[in-house]
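The values are calculated or read from the model by the stated rules, or taken from the named source; none is laboratory data. Please read all numbers here as calculations on a predicted model, not as lab measurements. Note that we place each Cβ from the backbone using ideal geometry, even for glycine, and neighbour counts take in every protein chain shown.
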Amino acid sequence: MNLRRTVPLLLSALVAASAPATGTDSGATALPSTPTLREAAGPGLLIGCSVETRALEEPRIATMVARQFSCLTADNEMMPALLVDAAGQYTFERGDRIAAFAQAHRLPLFGHMLLWHHVTRDWLFKDARGEPLSRDTALANLRRYIETVAGHYRGKVVAWDVVNEALSDQPGEYLRDTPALRAIGEDYIAQAFEFAHAAAPDAELYYNDYNIEEPDKRAKALRLVRALQARGVRIDAIGIQGHWNLHHPSPATIADAIRDFHATGLKVLITELDVDVLPRTTSGADLVSVEEGPNPYPDGLPAEVQQQLADRYREIFTALLRPPGVAMITFWGSDDGHTWLNDYPVKRRTNHPLLFDRAAQPKPAFQAVIDVLRAAAAAPVAPDRRAGAALTPDPTSAR
Ligand code: XIL
């Protein structure tokens, strides 16, 4: 542990503990009587959401986020295609605004992500004709990208999703066919973790993917983690994205996955939770959207579906918090007006997957989650099992 860096962070957390929990944004609506997720979660569990700068520009969203959550993730503003252009020019402005918001509200910030085959730049791994670069050139590009980004955010993010969605969805195929795999080979994942550790030695490092709670993909995730561990690569946690719906996956599948991932000795995190309430024909989160599809609830969620969503969140949180449980639960998006599910897997729909509606008001699902969190908070997680433990101040002292 680096005491020179950790002690000031601990001190700032203690200062934060005496500060009011509401945000400082002018014109913001405070709802002092509403319970908060972070208080209900108690000391052992971080509860967060992903945010975009345009969401934080709305005072009521910014206030709600600062009051309700105990950690943050940048939604898309730390993705390679947002940080660096086709010519290799970097712009950190929007990512920095999220880092500044997190810092102002003493919220640990999780970095998403250093390598993903979507929302990336072709020049990292392909030549001008679209052919794979040589292994050495591709590795040098990857190293420079990770050094630049993880170096820029050193001390500002507590952890990185180093590699996102490297596993194949095809039965029998281990790794997804990506430009990085073609140019570098199977060890590109280990290399990315090594570059990240060199650039940000204090940050925790995670592998993140969707549908890895399902037995087939779970086995691939376990194979990957064990290979990284055998090579001596730093890896702290497995992030289960958690893009789920009203019926899938089952609570038993979720609990089994957490148990299996814990057996590797790593922490287990839910990094991108949402519950899709609209009809869809695909499961998971592979980023391809179609133009047309049913949009049954453009004017709001009917009461019976609202209740189904609350019951589903109660069931999911009960499974997530059953010991050994997870160390962090982060929602993908702050509220129903700021969720990728309004444009995925069908563009321009009105989705309702989160705990807060478009006016940042809590939905029935919010109370269901509060109830489960309060019941589970009685059994705190040991400090070394917490997400971002390397840099995260003890939440007991901060809340
Ligand atoms: C989504 C973002 O929310 C969108 O803004 C962006 O255009 C595409 O990506 N799995 C992930 C996230 O790991 O990065 C994705 O986020 C959602 C699926």
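Things to note:
- Checking each residue of region 211-219 against the condition of being of a type in the set (D, E), closer than 20 Å to T330 by Cβ and touching a Lys or Arg at 6+ places or on another chain (Cβ under 8 Å) gives no match.
- Of everything in region 320-330 that is in a strand (DSSP E or B) and hydrophobic (A, V, I, L, M, F, W, C), the residue that is surrounded by the most Cβ atoms within 10 Å (Cβ to Cβ) is M328.
- Considering region 80-125, and only residues there that are within 24 Å of L269 (Cα to Cα) and of a type in the set (F, W, Y), the residue that is nearest to the ligand (Cβ to nearest atom) turns out to be W116.
- Sole residue being more than 24 Å from the chain's Cα centre (by Cα) and more than 20 Å from A365 (Cβ to Cβ), chosen from G293, G300, G265: G293
- For region 83-127, a residue qualifies if it is crowded, with 20+ Cβ neighbours inside 10 Å and assigned to a helix (DSSP H, G or I), and the qualifying residues are L83, G95, I98, A99, F101, A102, L124.
- Selection status of C71, within 16 Å of the ligand (Cβ to nearest atom) and either crowded, with 22+ Cβ neighbours inside 10 Å or aliphatic (A, V, I, L, M) (or both): no
- In the condition set (1) away from the ligand (no atom under 16 Å from the Cβ); (2) farther than 26 Å from D216 by Cα; (3) not in a helix (DSSP H, G or I); (4) not charged (D, E, K, R), T148 is compliant with all but (3).
- In this structure, G27 does not satisfy being assigned to a loop (DSSP other than H, G, I, E, B) and modelled with pLDDT of 80 or more.
- Any hit, region 175-187, residues being of a type outside the set (S, T, Y), part of a loop (DSSP other than H, G, I, E, B), within 16 Å of the ligand (Cβ to nearest atom) and on the phi < 0 side of the Ramachandran plot: yes
- Any hit, region 318-329, residues being modelled with pLDDT of 95 or more and within 16 Å of the ligand (Cβ to nearest atom): yes
- The residues of region 351-372 that are touching a Pro at 6+ places or on another chain (Cβ under 9 Å) and within 14 Å of I47 (Cβ to Cβ), listed by number, are L355, F356, P362, F366, I370.
- Hits in region 55-68 - residues which are within 16 Å of the ligand (Cβ to nearest atom), touching a residue at least 40 places away in the same chain (Cβ under 8 Å) and over 16 Å from the mean Cα position of the chain (by Cα): A55, L56, I61
- Looking at V162, V149, just one residue is β-branched (V, I, T), modelled with pLDDT of 95 or more and within 22 Å of L46 (Cβ to Cβ), and that residue is V162.
- For N211, the test of being touching a residue at least 12 places away in the same chain (Cβ under 8 Å), more than 20 Å from the chain's Cα centre (by Cα) and in a loop (DSSP other than H, G, I, E, B) is failed.
- Matching residues in region 331-348 - criterion: being closer than 15 Å to Y297 by Cβ and either within 12 Å of the ligand (Cβ to nearest atom) or surrounded by fewer than 20 Cβ atoms within 10 Å (Cβ to Cβ) (or both): G337, T339, L341, N342, R348
- Selection count where residues are closer than 16 Å to R223 by Cα and of a type in the set (K, R), scope region 152-203: 1
- Every condition in (1) touching a residue at least 60 places away in the same chain (Cβ under 8 Å); (2) closer than 27 Å to G48 by Cβ is met by A180 except one, and the failing one is (2).
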